[in-house]
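What follows is one structure encoded as structure tokens, with my remarks underneath.
Nothing in this text is a laboratory measurement; each read-out follows from the coordinates by a stated rule. Quick caveat, the model's predicted, so the values are computed rather than measured. Positions of Cβ are backbone-derived with ideal geometry, glycine not excepted, and every protein chain shown enters the neighbour counts.
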Amino acid sequence: MDLKKVFENNKSWIEDKLSTDKNYFEELGKGQTPELLYIGCSDSRATAEELMGAKPGEVFVHRNIANMVISIDLNVMSVVNYAVDHLKVKHVIVCGHYGCGGVKAAMQSADLGILNPWLRNIRDVYRIHSDELNKITDEDKKYDKLVELNVKEQCVNLIKTAAVQKAFRDRGLKVHGWVFDVHSGKLIDLKIDFEHYLEDIMQIYHLD
Ligand code: CO
């Protein structure tokens, strides 16, 4: 991508916004009140706002390799804390995607250096669900299933946080698990039974 083109695109984007609303940037500059927190993969194809048709100001976004929610990752934990406690988002979404390179790498045996500890968390998801996964003989289907199970486990990790537990109790915050299908463009709701998980998880991870 030509970087000169990026700045040209930006210029026409500004013109486009101002042509329909001359106060657009004045309003945008006043602050944000997003209702969604989207935690997705850094994959260049799994864009957050574009695939949801969301406008600036509507979604607080965090992306990392394979949409992970890791309790000792200060980055994702700060995002969750800020979005839930301060911005008071109504929904937290973990969105994985089929064809995820991070999930694929975790299914293979290879030393990937600094990526090892990160991908280890996906290998843990595999281990937890190995009975179910090992029954799948088709490698592509197994790969898709691990993408889905990883999303579910990251939702579980969100429920383990004090911020999410408190916000659920105080104002009914919801956690959702979605998968983006890069082959069709479709966004799939895994329909995670959040309250069932919550009840289950709280027996051990109750913080608040
Ligand atoms: Co990915």
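The condition of being more than 15 Å from the ligand (Cβ to nearest atom), in contact (Cβ under 8 Å) with a residue 12 or more places away in the chain and under 23 Å from GLY185 (Cα atoms) holds for only one of ALA46, ALA83, ALA54, that being ALA54. Among the residues of segment 97-124, those identified as outside any loop (DSSP other than H, G, I, E, B) and within 14 Å of the ligand (Cβ to nearest atom) are HIS97, GLY101, GLY102, VAL103, LYS104, ALA105, ALA106, LEU115, TRP118, LEU119, ASN121, ILE122. So which residues in segment 86-96 are away from the ligand (no atom under 16 Å from the Cβ) and either in contact (Cβ under 8 Å) with a residue 40 or more places away in the chain or part of a loop (DSSP other than H, G, I, E, B) (or both)? Listed by number, the residues that qualify are LEU87, LYS88, VAL89, LYS90, HIS91, VAL92. Consider SER78 carefully, then state whether it is surrounded by 11 or more Cβ atoms within 10 Å (Cβ to Cβ), of a type in the set (Ser, Thr, Tyr) and over 18 Å from ASN150 (Cα atoms). So SER78 passes the test. Only one of the numbered conditions (1) assigned to a loop (DSSP other than H, G, I, E, B); (2) within 16 Å of the ligand (Cβ to nearest atom) is not met by GLN32, and that is (2).
Of the residues making up segment 148-184, those that are closer than 17 Å to ARG63 by Cα, part of a helix (DSSP H, G or I) and touching a residue at least 60 places away in the same chain (Cβ under 8 Å) are ASN150, VAL151, GLN154, CYS155, ASN157, LEU158. Hey, among the residues in segment 57-74 that are closer than 26 Å to LEU28 by Cα and part of a loop (DSSP other than H, G, I, E, B), which one's farthest from the ligand (Cβ to nearest atom)? Restricting to residues being closer than 26 Å to LEU28 by Cα and part of a loop (DSSP other than H, G, I, E, B), the top hit is GLY57.
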